[in-house]
Structure formats: C-alpha cells, structure tokens
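Here is the structure we will look at.
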Amino acid sequence: MYKTILTTNKAPGAIGPYSQGVKANGFIFISGQLPIDPITGKFAGNTIIEQTKQSLLNISHILESAGMALDDVVKTTVLLKDISDFAAMNEVYARFFKKDCPARSAFQVVALPKDALVEIEVIAAER
C-alpha cells in the first residue's frame, strides 16, 4: 500500500495523533473535521449552520491539497451533538453537494471534541 499524508494550512491542524487526510490507493480519507476556523483557531460560530459550513469548507481545502474536490467524495459521515439539528445541517450540506451526492450516514453522539455541534469526515475517490 502506498500512502501520502495530506496537510494544508487552509484547514485546522490535527489536535491529536492523526493526519488531516491520507491518500492511499486512489482514495482520500479525510479525518473528521470540526468547525474550527484555521485563521482564528476558534469555532466559526455557535449555530449548526455556521459550524456545518466551516466543517465542509475545511474538508474542501484538504481535498484541494490533493488536487481533488467535493465532487470526488463518495461517502460522508456526519456526527451531530443533537439530531434535532439534522434539518439545518442538511440545508447547508445540500449547498456543498448539489448533484450525484455521496453516500452518507448521520448520527447523534454523546459529545464531540471541544463541545462542537458537528464533525464531518469523508472518503473521496480519484477519477
């Protein structure tokens, strides 16, 4: 297996022993992205709308560092602090994934790092 570690300063750095993303055998695995603004190091806002947007922007920037885009995403996993935020998250999500949407799972979890409202991870495939 051949793998390349992905990193960009346009997304927040890892807050633990993991990589922003890994490219391996034609796939890109993006670690769960919290809604952290890479410039300020703080959450992009306090609402699920603001936080979902920032998580997806972070993902987009990591994909760009590998020469890929959101259109290459084949699977997403969305972790929500409160499943009642699903509709609002989905509204923002639909702005980023407009056609030929990836497969997706969404779960409510007990807690997320830094008390975030959302964390999103993706898998993308090279064309």
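Per-structure values
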| item | result |
| --- | --- |
| Selection status of residue 62, surrounded by fewer than 21 Cβ atoms within 10 Å (Cβ to Cβ) and over 22 Å from residue 109 (Cα atoms) | no |
| Index of the failed condition, residue 55 passing every other in (1) at pLDDT 95 or above; (2) exposed (fewer than 12 other Cβ atoms within 10 Å of the Cβ); (3) touching a strand residue (DSSP E or B) at 6+ places or on another chain (Cβ under 8 Å) | (2) |
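Each row is one residue, and each column tells you yes or no for (1) aromatic (Phe, Trp, Tyr); (2) surrounded by fewer than 15 Cβ atoms within 10 Å (Cβ to Cβ); (3) farther than 24 Å from residue 46 by Cβ.
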residue	(1), (2), (3)
70	no, no, yes
78	no, no, no
102	no, no, yes
110	no, yes, no
113	no, yes, no
119	no, no, no
127	no, yes, yes
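The values are calculated or read from the model by the stated rules, or taken from the named source; none is laboratory data. Just so we're clear, the structure is a prediction, and the values are computed from it rather than from any experiment. Every residue, glycine as well, gets a Cβ built from its backbone with ideal geometry; the counts of neighbours run over all protein chains shown.
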